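What follows is a short report on a single structure.
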Amino acid sequence: MENGVATVSLDDLIKAALTNQPYNQQRLGTQARLYSRRLSKSYASDFPEDLHDEVFGQAFVELFEAGPAGLAERSGKALFRRAVLAAIRAVRASYAPPGRRTRLSTKETGNAVAAEHVGRIA
């Protein structure tokens with residue numbers, strides 16, 4: 001309690017949602033959206049704006065798939081963080097063109113050309 005006002009954290013809201021206790025859905029949505037956006041902007045800065053919203057929605061799918069059993073190992077916020085990271089991977093994979101890697105390689109893959117073909121390839 002701060003200054004006589006009870007504070008409810010994102011962790012508390014997630015625990016309440018997963019264990020079917022009463023909670024403020026609007027507050028959970030607002031706080032979770034801010035946290036999800038912060039993570040997705042950090043880990044997927046190459047995404048356009050609309051995909052960050054899709055990561056938020058997919059994160060709740062991942063979170064509720066884990067269910068209340070996930071709270072035995074982690075806190076609610078840590079469970080949601082893991083759900084956001086899994087959602088980033090899922091969204092990236094669903095929007096990747098066929099045959100393209102979903103994660104960028106750290107090695108630069110140049111277009112190597114054999115010496116005998118230099119004159120034939122533009």
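State to the nearest 20 debye the size of the charge dipole of segment 6-52 about its Cα centre, where the only charges are +1 on K and R beta carbons and -1 on D and E beta carbons.
On the way: 6 positive and 5 negative charges, 26 e Å.
Computed charge dipole of segment 6-52: roughly 120 debye.
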Once phi is turned into θ = phi - 60°, what whole-Hz ³J(HN,Hα) does the Karplus curve with 6.51, -1.76 and 1.60 give for every residue of segment 51-61, x standing for Gly and Pro?
6, 5, 5, 5, 4, 4, x, 5, 5, 5, 4
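Going by average Cβ neighbours within 10 Å, how do the peptides 45-54, 23-32 rank, with the highest at the top? Before the final figure, lay out the partial values.
Values: 45-54: 12.8, 23-32: 14.6.
With the highest mean Cβ count within 10 Å placed first, the list reads 23-32, 45-54.
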For segment 86-100, 3J(HN,Hα) per residue [Karplus equation, 6.51 cos²θ - 1.76 cosθ + 1.60, θ = phi - 60°, Hz, x = Gly/Pro]
5, 5, 4, 4, 5, 5, 4, 5, 6, 9, 6, x, x, x, 9
Segment 4-48 - accessible surface per residue (Å², probe 1.4 Å):
63
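The values are calculated or read from the model by the stated rules, or taken from the named source; none is laboratory data. Keep in mind it's a predicted model, so treat the numbers as computed, not measured. Quick reminder, even Gly has a Cβ in these numbers, built from the backbone with ideal geometry, and neighbours come from all protein chains shown. For accessibility, only protein heavy atoms count, side chains too; no ligands or nucleic acids. Shrake-Rupley method; radii C 1.70, N 1.55, O 1.52, S 1.80 Å.
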